[in-house]
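For reference, the structure I am asking about is given below.
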Amino acid sequence: MAERCDAVVVGAGVVGLAVARTLARLGREVLVLERHELIGSEISSRNSEVIHAGIYYPTGSLKADTCVRGKALLYEYCEAYNVPYRRLGKIIVATSADQFDTLQSYQRQARANGVGELPWMTRTEMLALEPKVDALAGVYSESTGIIDSHAFMLSLVGDVESGGGTIAFLTEVTDLERRDGSVRVHCGDFALDARIVVNAAGLAGPAIAARLGAAHRGYYAKGHYYTLSGKSPFSHLVYPVAEAGGLGVHVTLDLGGQARFGPDVVWQEDEDYGFDGVDFERFVAAIRRYYPDLDESRLHAGYTGIRPKLAPAGAPPSDFVIEGPAENGVPGLVNLLGIESPGLTASLAIAERVAELVA
């Protein structure tokens, strides 16, 4: 006989924890299953820790809607729960005149997505804010910020546990089975029947969804991050125009003020986090397009992250997939797939949507 549980969330990354918190606050008995020994061991701890504005995504897409809504919820959450954050602002720069049209398209997209205006910045105006940035023009995103993602996840864990929820570490989901009125979740020799199952397994999400017939395939895009030793020459986030597979090698700051650059895009076949495959000269050249004074001896290998893609290299970027019972045909099952950037920003809004699907 299998044990019974009201709601199971697969994955203790930031999205899984946000979902578990929301369900627990609605009175659900929640169990989070995590294959690693720590929260946020994959995507959630290997990113830029940026609170995104919602600029780049097609109007009406899940990425656009959940990013804009999630940003507002996240700033409110940080204030209410004393999670460290800083609303620094971001400059997106054009290093050649043929990129001006792209900047203007970002302005239009931001207005359409409800982000607001992205003021145009001349070279002189940019130099006043960032004297080390060499670009012809830019646009300024006032609502972009940074966050201590680990502190945010720890806060979510506190809310999950205060709502009666539990996290089971080193517990890997090996199979899902449809039952009458429930989904049976297999974890090796152990099984439990849950009325609600939310697949927030990140990189493993498509494989878990396939156990009950979903046909999504996952692709892995690794990004490398380098830290810049010494005092940061920047006080804002600085982004180039976006490139295929990502937002380009950009400058972010942590809450201690240290600068880091990344990520690049290296497509691979597995979950290899090794700091290899990087074209260092190309990485440096990408930075020098807007920061020509870079002393490459100050760059030090930091970490890597893998983005869970639903489209292969060269294909148009895919949207988030929030697949509820109406789409997957399994009562109580929600698959969250391809939750890459801006997933951290969107996490609380994604949790809202999941709660609506299983209400």
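The values are calculated or read from the model by the stated rules, or taken from the named source; none is laboratory data. Fair warning: this is a prediction, and the values are worked out from it, not measured in the lab. Virtual Cβ from ideal backbone geometry, glycine too; neighbours counted across all protein chains shown.
Does Ser143 fit the bill of being in contact with a Phe, Trp or Tyr (Cβ under 9 Å, 6 or more places away or on another chain) and at pLDDT 95 or above?
Yes; evaluated as a whole, the condition is true for this residue.
Within region 10-60, count every residue that is of a type outside the set (Ser, Thr, Tyr) and over 17 Å from Val198 (Cα atoms).
Final tally of qualifying residues: 16.
What's the total number of residues in region 174-189 that are loosely packed, with under 15 Cβ neighbours inside 10 Å and among the small types (Gly, Ala, Ser)?
Selection size over region 174-189: 2.
To keep it simple, each residue is scored yes or no on (1) at pLDDT 95 or above; (2) touching a strand residue (DSSP E or B) at 6+ places or on another chain (Cβ under 9 Å); (3) under 30 Å from Thr95 (Cα atoms); (4) in the same structural domain as Ala24 (by TED's automatic domain parsing).
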residue: Glu125; (1), (2), (3), (4): yes, yes, yes, no
residue: Glu130; (1), (2), (3), (4): yes, yes, yes, no
residue: Val133; (1), (2), (3), (4): yes, yes, yes, no
residue: Val157; (1), (2), (3), (4): yes, yes, no, yes
residue: Ser162; (1), (2), (3), (4): yes, no, no, yes
residue: Leu170; (1), (2), (3), (4): yes, no, no, yes
residue: Val183; (1), (2), (3), (4): yes, yes, no, yes
residue: Gly202; (1), (2), (3), (4): yes, yes, no, yes
residue: Gly205; (1), (2), (3), (4): yes, yes, no, yes
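Please note which strands (runs of 3 or more DSSP E) are completely contained in region 246-359 and include at least 2 residues that are surrounded by fewer than 17 Cβ atoms within 10 Å (Cβ to Cβ) and touching a residue at least 12 places away in the same chain (Cβ under 8 Å).
The strands (runs of 3 or more DSSP E) meeting that bar are 266-268, 299-309.
Need a quick list: helices (runs of 4 or more DSSP H) entirely within region 84-173 having at least 3 residues that are surrounded by 14 or more Cβ atoms within 10 Å (Cβ to Cβ) and touching a helix residue (DSSP H, G or I) at 6+ places or on another chain (Cβ under 8 Å).
Once the helices (runs of 4 or more DSSP H) in region 84-173 are filtered for at least 3 residues that are surrounded by 14 or more Cβ atoms within 10 Å (Cβ to Cβ) and touching a helix residue (DSSP H, G or I) at 6+ places or on another chain (Cβ under 8 Å), what remains is 149-162.
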